[in-house]
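S.K.: Below is a structure I'd like to ask you about.
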Amino acid sequence: MAAKSQLYDLFDPTQPNLPKHRIGKLKVNMKSYKLKSLGRPAQITRQTQTGFTLMELLAVIVIIGVLAATIGSRFLGQTEGAKAGVAKAEMSQMVQALDLFKLEIGRYPSSQEGLEGLIKNPGGLPNWNGPYLRKDNIKDPWMNNYKYTTPGPSNTPFELKSLGADGKEGGEGSNADIVKG
């Protein structure tokens, strides 16, 4: 019984022999500890609750799903526009390469030589100082070949064309043809 009395005295902040610096801690800690007595000396056990409830987990999953759907739909709509921008940039580089080819050889590559004439010497041309393009694969972002024709329409020296996402002449939106020349 003496042990039980001493234990209760330990938690009694009105005790005169209790150091003053411990009184505040005991008041706070009394709420999180519970005394148990089962015929043995009293034991102190801490009540803790860990983990999340099923409703909390479901709420977080729903919020993440809504965010992913919102953000994902924005990026999916922009990929086709980005591919069109890449095609325009690549075609601008090809136009510069074609102009450099003409400057050194005196003419643009023929329709038979095509854009391959910018990468490999098409038939032993003496002034050919290529390759004029860095990449061996001359395909647009939709993995279709760029179309090169010379002479181009309306008295232009050449026409360089990407057929867009569908790979067919004409079209609207992402299927629209991109033309340089």
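A short reminder: the numbers here are calculations on the coordinates, not readings from a lab. As the structure is a computational prediction, the values presented were derived from the model and not from experiment. Heads up, the Cβs are rebuilt from the backbone with ideal geometry, glycines too, and the neighbour counts pull from every protein chain shown.
S.K.: Which trypsin sites (Lys or Arg not before Pro) from segment 71-107 combine a DSSP loop assignment with at most 14 other Cβ atoms within 10 Å?
M.R.: Working: sites: R74, K83, K88, K102, R107; in loops: R107.
Hits after loop and neighbour filter: R107.
S.K.: Segment 129-171: which trypsin sites (Lys or Arg not before Pro) are DSSP loop and have at most 15 other beta-carbon atoms within 10 angstrom?
M.R.: Here the sparse-neighbourhood loop sites are R134, K135, K168.
S.K.: Beyond 16 Å, what share of the Cα-Cα pairs of segment 76-119 remains, rounded to the nearest whole percent?
M.R.: Tail of P(r) above 16 Å: 46 percent of Cα pairs.
S.K.: For segment 53-98, what log10 I(q)/I(0) values come out of the Debye formula at q = 0.21, 0.26 1/Å, with one point per alpha carbon and no solvent?
M.R.: -0.74, -0.86
S.K.: Is segment 43-166 best put as rounded, prolate or oblate by its Cα gyration tensor, with a ≥ b ≥ c the root eigenvalues, rounded for a/c under 1.5, and otherwise prolate when a/b is larger than b/c, oblate when not?
M.R.: Cα axes put segment 43-166 in the prolate bin.
S.K.: Let me ask something else. Rounded, prolate or oblate for segment 133-181? Axes are the square roots of the Cα gyration tensor eigenvalues, ordered a ≥ b ≥ c, and the cut-off for rounded is a/c under 1.5. If you can, show how the numbers build up before the last one.
M.R.: Working: a/c = 2.68, a/b = 1.13, b/c = 2.36.
It is oblate, given that a/c is not under 1.5 and a/b is not larger than b/c.
S.K.: Right, here's the next one. Give the calculated FRET efficiency between L100 and N144 to the nearest 0.05, with a Förster radius of 25 Å applied to their Cβ-Cβ distance.
M.R.: My answer for the efficiency is 0.50.
S.K.: Please list, by residue number, everything in segment 153-181 whose backbone N is under 12 Å from a paramagnetic label point 7 Å out along Cα→Cβ of E80.
M.R.: Under 12 Å, as judged by backbone N against the label point of E80, lie 164-167, 171-177 of segment 153-181.
S.K.: If you don't mind, there's one more thing I want to ask. How large is ³J(HN,Hα), in whole Hz, for each residue of segment 142-153 in order, when computed from phi with the Karplus curve 6.51 cos²θ - 1.76 cosθ + 1.60 and θ = phi - 60°, using x for Gly and Pro?
M.R.: Result, rounded to whole Hz: 8, 6, 9, 5, 5, 9, 10, 9, 9, x, x, x.
S.K.: Between K120 and E159, take the C-beta separation as r, use R0 = 22 Å, and let me know the FRET efficiency to the nearest 0.05.
M.R.: Once the sixth-power term is evaluated, E becomes 0.50.
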